[in-house]
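I have placed the structure first, in the form of structure tokens, so that the comments after it can refer back to it.
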Amino acid sequence: MEKRINTRVVKVDPENIDYNIIKKAAEIINRGGLVVFPTETVYGIGADALNDEAVDKIFKAKGRPQDNPLIVHIADFNQLYDLALEVPEKAELLAERFWPGPLTMILYKKEILSDKITAGLNTAAIRLPVNEIALALIKESNKPIAAPSANTSGRPSPTEASHVIEDLMGKVDMIIDGGSTYIGLESTVVDMTGSVPMILRPGGVTAEDIRSVLGECEYDPAIIKSDEAIIPKSPGQKYRHYSPKAKVILYKGKTEKIAGRINEDYDKYTSLGLKTGIMSTAQTEEFYEGKINICIGDRTKLLTISSNLFKGLREFDHMGVDVILAEAVDEKGLGKAIMNRLSKSAVETIEV
Ligand code: AMP
Ligand code: MG
């Protein structure tokens with residue numbers, strides 16, 4: 001067992017940042033420690049990206065497979081040129097439009113980034129986040145910061161400090177509590193090393209958004225088809241992910257039909273003695289009266305669903321639910337990212 005360390009949990013108001021705390025956090029980064037901080041996507045577990053020993057601590061704290069590379073976070077666009085071997089014009093255009101923001105670009109890397117962080121690949125994932133606490137920490141430490149989601153590998157990503165405390169207490173030096181994250185899903189990962197940008201993981205910046213700037217954008221076939229034979233280009237996408245303790249079943253189809261089938265299955269699982277929960281939306285909540293359900297948002301405002309999805313999955317765990325019945329959403333815009341996470345967390349998908 002890893003030795004437990006003393007974890008300091010501190011609150012920072014993103015609107016009125018206490019720079020004394022940021023200074024302390026930056027000192028921890030600079031001496032090779034781990035600091036958890038909020039971003040606009042999910043909470044990240046950060047370490048000095050140029051210090052292999054520190055980066056190794058991230059893998060250990062999360063229990064993350066060594067072949068799953070980390071995203072390097074920067075606070076200034078010009079830092080990109082220190083890390084990337086070449087920055088194609090298309091990447092500059094995307095950065096201009098979407099940075100700071102939930103977009104991670106894959107570019108050929110400079111040698112300064114080690115095999116540890118890129119899992120031996122000759123490319124690196126780089127992002128400039130929008131959260132003021134994250135930016136202040138990166139600037140103050142004067143280092144690029146490696147920061148994957150601050151959860152135990154495989155669990156739903158944390159969107160509040162309490163989720164981080166659940167997973168990482170005693171494994172990191174500091175947790176900065178900056179309130180709830182905004183988008184609630186990890187960044188879009190787009191590979192910029194080919195002639196056409198290719199989305200390896202959908203997120204807050206959509207393919208439509210990228211096309212509006214560059215005219216073209218494709219998806220990695222592995223995230224469109226659920227065919228196990230297609231190997232995803234992003235190593236992280238091959239793992240099962242975002243899993244609560246309960247078994248998640250995902251229902252796809254017309255909303256009213258889904259609700260009917262979920263009601264039937266709820267009764268079936270309950271009669272088998274399994275505590276069952278339904279993840280509903282504002283449009284369907286009324287169909288599940290008297291049943292255990294958490295409404296995670298409004299289908300006409302997908303940001304309400306993305307921001308509450310992982311929190312909902314964790315809440316069902318707190319309730320001791322055995323089975324979660326989850327409704328699919330339309331795979332348009334942010335819906336693509338929501339469905340990517342839901343499909344990965346589900347053990348079974350039922351087409352109604
Ligand atoms: P996380 O840090 O947990 O948000 O995950 C980062 C995601 O980016 C994972 O799916 C990684 O596999 C992916 N990623 C990081 N670096 C690369 C890279 N060089 N090429 C492809 N995918 C990458
Ligand atoms: Mg993650």
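A short reminder: the numbers here are calculations on the coordinates, not readings from a lab. Worth saying up front: this structure is predicted, and the values here are computed from it rather than measured. Glycine gets a Cβ as well: all are built from the backbone with ideal geometry, and neighbour counts include every protein chain shown.
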| said: With a cap of 16 neighbouring Cβ atoms within 10 Å, and only residues DSSP puts in a loop, list the trypsin sites (Lys or Arg not before Pro) found in region 20-92. | reply: 31
| In order through region 177-187: 3J(HN,Hα) via Karplus (6.51 cos²θ - 1.76 cosθ + 1.60), integer Hz, x for Gly, Pro | 8, x, x, 6, 6, 8, 7, x, 10, 5, 4
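Suppose only helical runs count, i.e. DSSP H with n ≥ 4. What mean residue ellipticity at 222 nm does that imply for the chain under -39500 (n - 2.57) per run, divided by all residues and rounded to the nearest 500 deg cm²/dmol? Don't skip to the answer; put the middle values down first.
Values: 12 runs with 116 residues, N = 352.
Result for the chain: -9500 deg cm²/dmol, rounded to the nearest 500.
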| Between helix 255-271 and the chain: long-axis angle, C-alpha atoms, 0 to 90°, nearest 10 | 80
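Hull surface divided by four, with the convex hull built on the Cα atoms of the chain: how many nm²? Before the final figure, lay out each step's value.
Values: hull surface 70.5 nm².
That works out to 17.6 nm².
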| query | What ³J(HN,Hα) values, in whole Hz, does the Karplus curve 6.51 cos²θ - 1.76 cosθ + 1.60 give for region 275-280 when θ = phi - 60°, with x put for Gly and Pro? | reply | 6, 10, x, 10, 9, 10
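In terms of the ratio Rg/(2.2 N^0.38 Å) built on C-alpha atoms, what value belongs to region 196-274? Please report the intermediate quantities before stating the final value.
Values: Rg = 17.7 Å, N = 79, 2.2 N^0.38 = 11.6 Å.
With N residues counted in region 196-274, Rg over 2.2 N^0.38 Å equals 1.53.
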| note | Checked against a 29 Å limit on the C-alpha separation, the offending pairs among 23/90; 24/238; 110/344; 62/336 are 23/90; 24/238; 110/344
| task | Enumerate the amide H contacts of residue 8 below 5 Å, restricted to partners 5 or more residues apart or on another chain; note that Pro and chain-start residues carry no placed amide H. | result | 174, 175
| field | Under-5 Å amide H pairs with residue 218, H placed in peptide plane, nonlocal only | value | 198, 199
| remark: Rounded to the nearest 10 degrees, the helix 89-98 long axis (Cα) sits at an angle to the longest Cα principal axis of the chain of 60
| Sequence-distant lysines (8 or more away, or on other chains) whose Cα lies within less than 21 Å of residue 291 | 245, 247, 252, 254, 257, 268, 275, 311
| request: Using Cα positions and a limit of under 12 Å, work out the aspartates and glutamates in reach of residue 171, with same-chain residues fewer than 8 apart set aside. | output: 2
| task | Please list the non-local residues whose amide H lies under 5 Å from the amide H of residue 123, H modeled 1.01 Å from N, same-chain partners needing a gap of 5 or more. | result | 109
| query | Using alpha carbon centroids, what distance separates region 253-269 and region 78-106, in Å? | reply | 44
| query | Of the residues 286, 160, 216, which exhibits the maximal mean-square fluctuation in a Gaussian network model of the chain defined by a 10 Å Cα contact cut-off? | reply | 286
| message | Quick one: 3J(HN,Hα) in Hz for region 203-218, Karplus 6.51/-1.76/1.60 with θ = phi - 60°, rounded, Gly and Pro as x. | response | x, x, 8, 8, 4, 4, 4, 5, 4, 5, 9, 10, x, 9, 5, 10
| remark: If 294, 230, 71 are placed from fewest to most neighbouring beta carbons inside 10 Å, the sequence is 230, 294, 71
